[in-house]
Amino acid sequence: MSQLEGHLPSADWVAQDLEQMLRECDALIESHEEQLRRLRASIADLEAELGHARRNRDEAGRVLETLRAAVREGRQLRVSRSQSPGPRLRVVPDSGSPPTAPADPETTGTPEDVQLPPGNPVVRVAGTRSVIIMKLISTDGMREWSARAVTDALGESTEAVRRNRCVLDNLCKRGALAKSERRSGEGNGKSVFYRLAASWQAP
C-alpha cells in the first residue's frame, strides 16, 4: 500500500501494516517453537541413550567383577590342589636305615614294634591332612619327625612347612603325637621333633 507524499498515513494503512507485522511475528514464533520442540525431542533422545549407556556400564562392571572373583577362586583352588598331597606318599627314610613301606590306607593304629605307654586311649584323628600326616608318621613310629621332614616326605614345597607344623602341633594337643625340642647346632636356635605317642583311629 502506498501513501500520498506529504500526507500522514491513514488509520487503515497503519492497521494493515500492524496486521502484516503480527502475521510475520506469528510465523517467526511458530518456526522457533518448532525448532524448540525438535531440540527438546533430541535432548530427550540423548538422555535416554545416556541412561541406557550408564545401565550397560554398570551391568558390565558387575559382570567383570563376578568374572574376576571366579578367576581368583579358580587360582586359589589350583594352588590348594597343587599343595595337597597325592594318593601316594613319598617317604624319605633315615640315612643308613632300610626304607619302610607306606601305610595301608585302611590301617589305623600304631606299628607293632612301637611300645606305647599302657592305658593310652585311642585318639580319634579327623581331617584329611591330619590323617595323611598320621599315616606317614605311623610308617616309622620310632622316628622323630620334623615339620620339614614331613613336608619333604609328602613331596610338598617348603611353603607347606608352616601349615604342616600347625597340623603337627594340633595332633600333639590331641595326644596323638609327642613333641620334643633340642638345641640346633647354630646359635641358640631349637629344633622341634614329633613322634608317635598313642594309637589312633580315623573316623
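The values are calculated or read from the model by the stated rules, or taken from the named source; none is laboratory data. Source: prediction; values computed, not measured. Please note: Cβ atoms are built from the backbone with ideal geometry, for glycine as well, and neighbour counts cover all protein chains shown. These area figures cover heavy atoms from the full protein model, side chains too; ligands, DNA and RNA do not enter into them. Shrake-Rupley method; radii C 1.70, N 1.55, O 1.52, S 1.80 Å.
What the table below lists for this structure:
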| quantity | calculated |
| --- | --- |
| Cut-off 14 Å between beta-carbons: net charge of the residues surrounding Gly51, Lys and Arg +1, Asp and Glu -1 | -2 |
| Gained length - Arg75 relative to Glu47, 0.36 nm times residue gap less alpha-carbon distance | 5.9 nm |
| Most to least accessible of Lys135, Lys173, Lys190, Lys179 (protein chains only, probe 1.4 Å) | Lys173, Lys190, Lys179, Lys135 |
